[in-house]
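One structure is given below, encoded as structure tokens.
The values are calculated or read from the model by the stated rules, or taken from the named source; none is laboratory data. Nothing here was measured: the structure is a model prediction, and the numbers come from that model. We place every Cβ from the backbone using ideal geometry, glycine too, and count neighbours over all the protein chains shown. These accessible areas exclude ligands, DNA and RNA; they are computed on the full protein's heavy atoms, side chains included. Shrake-Rupley method; radii C 1.70, N 1.55, O 1.52, S 1.80 Å.
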Amino acid sequence: MIPTQLPAPPLSPVLLAGMALRPLPGVLLQPALSAAMGAIVRLHPGLFERLAGLDDSSFLIDPIDLPFALVLIADARRPRLRVAGDGDAAACAARVRGPLLALLDLLEGRIDGDALFFSRHLSIDGDTEAVVALRNAVDGAEIDLMRDIARTFGPLSAAA
């Protein structure tokens, strides 16, 4: 697929937070990423099983309003999410780029991926078949990221 040029991200709280995060090493985000992925895996166990035929593809998730990208390793046995490093873009089957809030809306099924793509708020490069499989798996999972993360706090989930 031909890479598309996305519009510059609008001034938003996410963009401002991204500017504040720029000097921090990505390793500091790893505990939060691991906790979020753990919650998704526990609460939506079939999500990555639906991707088992992709030979453990990895996806570069690139929120354009943050100073880092993420690598999603869609291993059915042990899926992982981590901050991308040098050389990860070439090793990933596909890259999905867009504003963070649009990517979260897509994850939670609040917005249509086709609409984001054709409005040029989402860019996809690489193995589009793998991206479609990921999208279909996510669409069926009914993820609510904040609710799912809060549930990991057990009895304190309401406060979290």
If each of A35 and E142 carries a label point 7 Å out from its Cα toward its Cβ, how far apart are those two points in nm? 2.6
Relative to a virtual label point 7 Å from the Cα of F118 in the Cα→beta-carbon direction, which members of the stretch 83-110 show backbone nitrogen distances below 18 Å? 106, 110
Descending accessible area (1.4 Å probe), largest on the left, turns E49, E108 into E49, E108
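Find out how many positive minus negative residues lie around M37, taking Lys and Arg as positive, Asp and Glu as negative, among other residues whose Cβ is under 13 Å from that of M37.
On the way: positive: R42, R78, R80, R82; negative: D75, D148.
Once positives and negatives cancel, what remains is +2.
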